[in-house]
Amino acid sequence: MSPLVSILVPNYNHARFLPQRLDTIIAQTFKDFELIVLDDCSSDNSREVLTTYASRVPMRLVFNEVNSGSTFIQWQKGAAAAAGKYLWIAESDDFSDSNFLQKLVTIVEQNPNVGLAYCESTRVSVDGTMGPLCEAGNRPLHETRWRRDHQNHGRDEIARYFVIQNIIPNASAVLARRDVFQKAVLGAEILRLSGDWWTWVRILLDSDLAFVAEPMNFFRMHDRSVRETTRSAVACAERFSIQAYVCSHVSPTIKVRARSFQASYGPWRHYIRSPAFVWDWKWFAAVRRDAQKIYPLATARMLAGLIRAVLECRLPHRLREQRFSGGI
């Protein structure tokens with residue numbers, strides 16, 4: 001008989017965090033699950049740690065011989081191997097409260113239209129020091145919404161909030177229906193940073209969402225995370241791309257579209273004024289094209305921002321020469 005939940009633990013060089021991750025999975029009060037750990041050719045002693053745990057705890061170990069280069073390829077691989085009705089992607093450097101599964105499984109079992117349920121997360125440093133709740137990052141969207149449990153139709157959630165930003169800061173906080181997840185995650189592998197955002201949006205195009213305000217997930221923050229190492233150019237391009245995708249599938253109000261554009265325009269403007277900026281016309285054209293799909297005034301705003309950056313002498317010298325000689 002298949003388990004109700006498949007727990008996927010994608011790991012890469014998180015040997016130091018694996019014991020806490022696995023111990024908090026084993027300690028779950030809900031026991032009807034299978035555990036699948038996927039190691040993406042780690043160079044630390046992750047395999048040794050995992051093999052030791054597998055000798056005393058039932059789990060499937062999937063060891064890559066070549067690094068996949070993508071967290072989201074590992075998600076796809078794990079989902080294909082899973083047998084459960086629901087999926088929990090328990091990232092290898094995070095950990096959880098023992099009641100995490102029990103509470104989220106109860107919600108999705110009682111609400112067949114819910115394709116994705118998630119809980120509040122607490123930020124945790126590398127050394128285990130507890131930080132603030134992640135709801136603070138969503139507070140600009142709504143002052144109190146993430147302080148209480150709620151449910152919503154998926155498309156409405158996308159049109160109000162996901163079009164502005166990824167309101168789920170950590171995949172480890174999510175329990176999803178496997179059938180909708182497997183379809184939704186297709187295409188995420190081409191994204192370096194935003195594959196999770198892409199996946200949640202695509203799940204919610206066909207199902208509803210539930211949120212639990214109790215902080216049962218602990219989100220590890222450290223400078224080796226994907227978010228910290230991704231280049232700004234990629235981050236900017238992916239943000240606009242996801243927002244444009246959303247606007248092509250739902251109908252946000254013009255006010256929300258303006259807010260959505262501004263949420264990505266700010267980081268984009270900061271990047272083009274930074275020393276890290278390297279001019280790439282194809283990159284600029286692609287970003288502008290996606291931004292225009294989000295907000296009608298995007299092109300004018302971006303060109304004005306680019307001109308201001310040039311006049312402020314923030315762009316590389318070769319670009320300033322090109323600009324003033326009529327090359328742009």
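Rule-based calculations on the coordinates, nothing more; no lab input. This is a predicted model, so every value here is computed, not measured. Reconstructed Cβ throughout: ideal geometry from the backbone, glycine too, with neighbour counts over all protein chains shown.
Angle between the Cα long axis of helix 298-311 and the longest principal axis of the chain, 0 to 90 degrees, nearest 10? Once rounded, the angle reads 70 degrees. Extension gain for Glu109 to Arg308 (0.36 nm times residue separation, less C-alpha to C-alpha distance): 66.3 nm.
Over all pairs of different C-alpha atoms, the range 231-324 has a mean inverse distance whose reciprocal, the Kirkwood radius, equals 13.5 Å. Just to confirm the number: angle between the C-alpha axis of helix 281-294 and the first principal axis of the chain, 0 to 90 degrees, nearest 10? For 281-294 against the chain, the angle is about 70 degrees. Between 0 and 90 degrees, the angle of helix 100-110 with respect to the longest Cα principal axis of the chain falls at about 80 degrees. Restricting attention to the chain, lysine pairs at least eight places apart or on different chains and with alpha-carbon atoms under 26 angstrom apart total 11. Computed from the C-beta positions of Gln151 and Thr253, the FRET efficiency with R₀ = 22 Å rounds to 0.55.
With contacts taken as Cα pairs under 8 Å and at least 6 residues apart, the chain reaches a relative contact order of 17 percent. For the chain, give the share of DSSP beta bridges that are antiparallel, in percent and rounded to the nearest 5; count only bridges with both residues there. Percent antiparallel among DSSP bridges in the chain is about 35. Farthest toward the positive end of the dipole of the range 64-131, out of Asn67, Thr129, Gly115, is the Cα of Gly115, where the dipole comes from beta carbon charges about the Cα centre. Using a simple spin-label model with pseudo-atoms 7 Å out from Cα toward Cβ, Arg231 and Val57 lie 3.8 nm apart. With q set to 0.18 Å⁻¹, the log10 of I(q)/I(0) for the range 135-221, from the Debye formula over equal scatterers at the Cα positions, is -0.83. Taken about its Cα centre, the chain carries a charge dipole of about 1540 debye when Lys and Arg each add +1 at the Cβ and Asp and Glu each add -1 at the Cβ. Projecting the Cα positions of Asn11, Trp200, Thr29 onto the charge dipole of the range 5-228 (unit charges on Cβ atoms of Lys, Arg, Asp and Glu, taken about the Cα centre) puts Trp200 furthest along the positive direction. Here the ratio of the Cα radius of gyration of the range 5-228 to 2.2 N^0.38 Å is 0.95.
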